[in-house]
Amino acid sequence: MCGNWKMYKTPGEARALAREVANGLRGADDGPEVAVCPPFPSIPAVREILEGTSVAWGAQNCSPHLEGAYTGEVAVPMLVDLGCRFVILGHSERRQIFGETDSSVHEKLQTVLGAGLTPIVCVGETLDEREAGRTEEVVDRQIRGAFEGIPGAEVGRTVVAYEPVWAIGTGRTATPEQAEAVHRRIRATLSGLHGEDVATATRILYGGSVKPGNAGELFSQPNIDGGLIGGASLSARDFLAIVGAECSTE
Ligand code: PGA
């Protein structure tokens, strides 16, 4: 289960939220793996609170380069130094607002894997694409674009997040059946690329308006392995309730 805090939470606010999440999960060590991804400047504050707890932390993006003259960018070794375990890649906001492409996601994926961190690769169709019956084609292209040419052993330790763009921050969630159908398809595509064992090992999260009230139904689908939570992860109470919903479907 991963919280994507997007561009919310100053370092001070992030510290308070991280503390609430960690306190809420204290003693629940046999539950699902939980991580939060704050904005870059808030990562050190979150680390201070979460170090030694069961909650991991990560980043929302990174440069494909290890260092260099790239003003405004953040390199993966810096994230390693900050104790990050995860990096979200190819979120639809990055694809739509910042021009990320399948090939930039692929490059970043190689860099993140090379550093031993766990990428969370986001894929998902827009409303127009869904209505035109192109969901599978779009998601296939995004999965192939990211994972083709990456060794199978590496793919097996990645996380994929299926996030239909029309469900992100809109309050409109994919039905469990709609989400499960795409998750099944993603696993089949991964299996075609890298074999069934790799496809089974790859965790596939659902994201898009997950709330305490709809989480249980989504997570009980056989190919939905957890969630990438945006808005609801900004409230410790809601995020903890969503983690609880996953516990009860495990
Ligand atoms: P949401 O965002 O939960 O606010 O819909 C999900 C995401 O963008 O990762």
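Overview of results
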| read-out | value |
| --- | --- |
| Test set (1) touching a Cys at 6+ places or on another chain (Cβ under 9 Å); (2) among the polar types (S, T, N, Q); (3) under 23 Å from residue 111 (Cα atoms) - residue 233 fails condition number | (3) |
| Filter result (over 15 Å from residue 139 (Cβ atoms), among the hydrophobic types (A, V, I, L, M, F, W, C) and surrounded by 24 or more Cβ atoms within 10 Å (Cβ to Cβ)) within segment 113-127 | 120 |
| Within segment 215-235, tally of residues that are open to solvent by less than 30 Å² (accessible area, probe 1.4 Å), out of contact with any His (no Cβ under 6 Å at 6 or more places or on another chain) and within 15 Å of the ligand (Cβ to nearest atom) | 10 |
| Pairs, first closer than 14 Å to residue 169 by Cα and free of Cβ contacts under 8 Å to residues at least 24 places away in the same chain in segment 223-250, second assigned to a strand (DSSP E or B) and open to solvent by less than 10 Å² (accessible area, probe 1.4 Å), C-beta under 9 Å, six or more apart | 232/3 |
| Some residue of segment 66-82 being open to solvent by 10 Å² or more (accessible area, probe 1.4 Å), part of a helix (DSSP H, G or I), away from the ligand (no atom under 16 Å from the Cβ) and over 20 Å from residue 114 (Cβ atoms) | no |
| Hits in segment 126-169 - residues which are within 16 Å of the ligand (Cβ to nearest atom) and of a type in the set (S, T, N, Q) | 126, 142 |
| Among the residues listed as 208, 213, 227, the single one being touching a strand residue (DSSP E or B) at 6+ places or on another chain (Cβ under 6 Å) and at pLDDT 95 or above | 227 |
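The values are calculated or read from the model by the stated rules, or taken from the named source; none is laboratory data. Only a predicted model underlies this, so the values are computations on that prediction, with no experimental measurement involved. In this analysis, Cβ positions are derived from the backbone assuming ideal geometry, glycine residues included, and neighbour counts consider all displayed protein chains. Surface areas here come from the heavy atoms of the whole protein model, side chains and all, with no ligands, DNA or RNA. Shrake-Rupley method; radii C 1.70, N 1.55, O 1.52, S 1.80 Å.
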